[in-house]
Amino acid sequence: MTEALLLNISLVILLLPLLGFTTLILLGKKIPGSHWIETFFMFLALCLSVYVGFGKLAFFTGVSLVKEATWIQLWNIPVLGNLQIDLGIKIDNLTAIMLFVVTLISFLVHIFSLEYMKGDSRFSRYYAYLGIFTFSMLGIVLTHNILMMYIAWELVGISSYLLIGFWFEKKSASDASKKAFLVNRVGDTGMFIGIMILFTNYHTFTFDTIYAQIAQGHLPFNSPAWLTAAGIMIFMGAVGKSAQFPLHVWLPDAMEGPTPVSALIHAATMVAAGVYLIARVFVMLTADAMLTIAIVGMVTSFIAATIALTQNDIKKVLAYSTVSQLGYMVMAMGVGAYQYAFFHLVTHAFFKACLFLGSGSVIYAMHHEQDLRKMGGLRKKMPITYAAFLISTLAISGVPFTSGFLSKDGILAGTYAFASLTGHWMIPAVAFLVALMTAFYMFRLVILTFHGTPRDQERHDHAHESPFVMAMPLVVLSVLSVFFWYGLNPANPSTGWFLDKWVKTPTSIVPQGQRFDFMKSEVKETASAEKTAAGSTEAVVHSEHYMHAMHQAHYPAMGLSIILGGLGILLAFSMYQWKKIDPDKLAEKLGPIYRFSLNKWYIDELYGATFIGGALALSRLLAWFDKYVVDGLVNGAASLTRGVSKLGGLFDTYVVDGLVNFTAYLSGFIGIFFRKFQTGKVQTYVVFVIFSVIILLFIFRPFGF
Amino acid sequence: MVQVGLTHFLVISAILFSLGIFGIVTRKNAVMVLMGLELILNSANINFVAFSRYGNFGLNGQVVALFVIVLAAAEAAIALAIVLNIYKTFATVNVDEIDKLKE
Amino acid sequence: MNIYDIVFYLFAAITLASAFVVVTARNIIYSAFSLLFTFFGIAGLYVLLGADFIAVVQLMVYVGGILVLILFGVMLTNKITSVQIKTGTLQVIPAILGTALMAGVLIKIFTGTNWHSQMAQYPTKTTAYALGHILLTDYVLIFELLGILLLIALIGAATIARKEEKAS
């Protein structure tokens, strides 16, 4: 097993889904059962990425594998000078893990869709879209430069657009796809500006080259403020893609797409790409940028959690829970808990995909009914789905012995340690509150769906357990939500192999004084800079100070999170299972707050009133201006002109025409004379030209002969 | 006899140029006129290449010669298309009979 | 008189003689074929000037492309069976006068000028590499524009020469 082999296999993994896409788009309608081709390619990609992941994590744990080639090399471009753009792939531990996560979930979704999407009129096209999505997602994961990442970034955007609007006959679906696309553009524009700030200064898109230059003290425009700006601008891309406040509005609407798509794109992989992006640029984030990121994540997780409390659509609850969890990850990145953020990304990908596929299974069984108020009592009818759903719910609520417990706990401890070091106590307070709310609304979802008595008897009678191809992915994903895949100690993840061996916080390369104190490396500064320059970004940086705080934070945070999670679950049970507290009465009592949450904080309405309404009002104003002011001016000018022209007309008739007629006579006379030379034959003209040239040469004698 | 140098090539090109002009001026057939045109372009090309060789301008002259060849190809294609069109319209390609411009 | 000079005079003779035939032959087919020899001679001169790539391009584009095009033009615009293949001449006297004068003036200028001629340093093997390099760096814009021009010429030629659609 050599580096070259691993890199080549990764390229194959990257291109397999693209091959599937091309085949299906071109031949999908001609070959019956062509979706099997795509599914088979995904299976192949999954096997290969298991191989790559194993090879990388077992034999090349400490090094990054890079393979690059020059794509465009131009000299002497005006303004820019030399321009060299490299393409390449880089496999570090993050990439290896993400490869596995993406291909696994994608493969399971392919399998799941075999049954879920059966009979759809655009079945093969659906698989083609899944293929192009997987290709572009793998592109984001594998690339070693930010340009390719941006390209892949836009490609996942377009495939997400296509899949949200897959049932474009429905107006709500096509609207949702447009909304997702447009909102994402806002974030991507910011990201593009960030990329351009970096490119203008470093003339390269390659991450490692840029970082090496920053590490040597070469800042954009020689100012740390610009470095902060670049970090925040690139984070804008993550804000759009990962549905962070204030651009989170598209993700809940994106649930109009087919449910397996929601599981793949809008829960597990694409939205996590934003977090992955932050992980990629983590080393160049300044303290200010990190604080911004942490606060955005905090606000997002809080808002989304409060909205999720009251939603009645099974997919909407999950969507807001996704937004909330993404906020968690972003917040964790912001507070410097890099390892745990990435850890949560992976665990969340599995259990959230499981939840979405589970909801897909429920929706399928209920004949495309998504309203929680019409479900209930499905536990007996769908035991496998229920079990898988329950395990994932336990995981997301942070109950011990699940993967979610480990990662969530780490994030909470990270925020706690951050607060104890910097004094931002708001962040852990909100984080713990969100943990409570998460446990509550997730169990509300489970109870309303599976427990109690059926509220819609007719649909309930027709419900049945989903077939094998739909149940199998659920089982696989729920098994992956248990702790022992990530470490043997169910209480402390940092001793497990995932965090101990695989994912390490990289050395920050931001100049001292621009980063948090605790981000300082214990290793000597120069040594770490050289290491970064050499392409190895995997060094532990946290100071003893931070490790100490983290250690101290660990057990209090864990205890508190267990208590709060338990409290949330208890509350959910007492309200919906045992009916001790009547949720309707509570809603009435809390009237305005309840409605505020139910209506999603009126953010859509706010945007409708401000941005959309503003744009409309501005257009109306401009139209009015156009109609009265501009048109008035034009009309005034027209009548003025008419008056003037009448005057001019008189002048014309007598003075000008007289002159013109005279000129005409004169030219006619001259014309008769010169007409003799105008034979209409080209060659005569050539002769004239030659003689003229010779005469001119003799007159001017330019060469001195 | 003088060693062959820049002047020799220039003289060749001058004679070729004049022959081209002669062809253009005297021949009736439009295709023949085109051939004369090709001769002129070639004489210009010889100048470019010769100056590139003896003028110490690097390869710039040769590049321009290359461009001229490309232009000549484009010109020939268009011109012959026009000649064909003229033939269809007037049933002749003799340029002296095509003097519609006169009227 | 070394071998270089001999070869030069040989090619010059071929070029000029065949060019003379081109412009004087009564039969247009003769003209077209002697044009072949003219191009060939010029290619030889290019080789003598160290422009091997240009020489090859000359042979390929002119002899392979343009000349064939011209022959097609000849064939399509003359009824081969008729005797009309000969072409007339006109205004011979002023043309001879003019061109002789022109040639005289040009040769006077060329020989009379004191050229600071200096042999350029060319690559020893072939100029193709250096040409390609210069073409895609300094002249890349012109190169692209020429590509567009060729496309336009292609479309234009096809548009002009195609059969008129019956007006309906």
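Values as computed for the structure displayed
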item	result
Sites residue A:689 and residue A:667 - FRET efficiency at Förster radius 25 Å, r taken between beta-carbons, to 0.05	0.60
The range B:6-94: C-alpha gyration tensor shape, a/c 1.5 cut-off, then a/b vs b/c	oblate
Principal-axis tilt of helix A:403-422 within chain A, Cα atoms, nearest 10 degrees	70
Alpha carbon centroid spacing (whole Å) that separates the range A:31-109 from the range A:447-479	36
Gyration tensor verdict on the protein assembly as shown (Cα atoms; rounded if a/c is under 1.5, prolate if a/b is larger than b/c, oblate otherwise)	prolate
Helix-only CD estimate at 222 nm, as mean residue ellipticity for the protein assembly as shown, using -39500 (n - 2.57) per DSSP H run (n ≥ 4)	-23000 deg cm²/dmol
Of A:179/A:315; A:241/A:380; A:118/A:579, those spanning more than 29 Å from alpha-carbon to alpha-carbon	A:241/A:380; A:118/A:579
Added length on full extension, which subtracts the Cα-Cα distance from 0.36 nm per residue, residue A:203 to residue A:582	130.2 nm
Sites residue A:73 and residue A:43, calculated FRET efficiency, Cβ-Cβ separation with R0 30 Å, nearest 0.05	0.20
Mean Cβ neighbour count within 10 Å, used as a protection proxy, ranking A:12-18, A:549-555 highest first	A:12-18, A:549-555
Extreme residue, positive dipole direction of chain A, given options A:34, A:479, A:143 (C-beta unit charges)	A:34
Three-way shape label, the range A:1-86, alpha-carbon gyration tensor, a/c 1.5	oblate
Sequence ranges A:660-671, A:257-268, ranked by mean other-Cβ count within 10 angstrom, highest first	A:257-268, A:660-671
Selected from B:22, B:48, B:90 as most flexible by GNM, with chain B as the system and alpha-carbon contacts under 10 Å	B:90
Loop-resident sites, the range A:135-241, for trypsin sites (Lys or Arg not before Pro), counting at most 13 other Cβ within 10 Å (DSSP)	A:170
For the range A:593-610 and the range A:179-216, distance of Cα centres in Å	33
Net dipole in debye of the protein assembly as shown [+1 Lys, Arg Cβ; -1 Asp, Glu Cβ; about Cα centre; nearest 20]	1560
Cross-link table A:381/A:589; A:171/A:374; A:178/A:408; A:67/A:178, entries beyond 29 Å C-alpha to C-alpha	A:381/A:589; A:178/A:408; A:67/A:178
Within a Gaussian network of chain B (alpha carbon springs, distance under 10 Å), most fluctuating of B:59, B:34, B:19	B:59
Ordering of A:245-256, A:24-35, A:372-383, C:32-43 by burial proxy (mean other Cβ atoms within 10 Å per residue, highest first)	A:245-256, C:32-43, A:372-383, A:24-35
Principal-axis tilt of helix A:682-700 within chain A, Cα atoms, nearest 10 degrees	80
Inter-centroid distance (Cα atoms) of the range C:1-63 relative to the range A:332-390, Å	82
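The numbers here are math on the coordinates, done by the rules we state, and not lab data. Please read all numbers here as calculations on a predicted model, not as lab measurements. Reconstructed Cβ throughout: ideal geometry from the backbone, glycine too, with neighbour counts over all protein chains shown.
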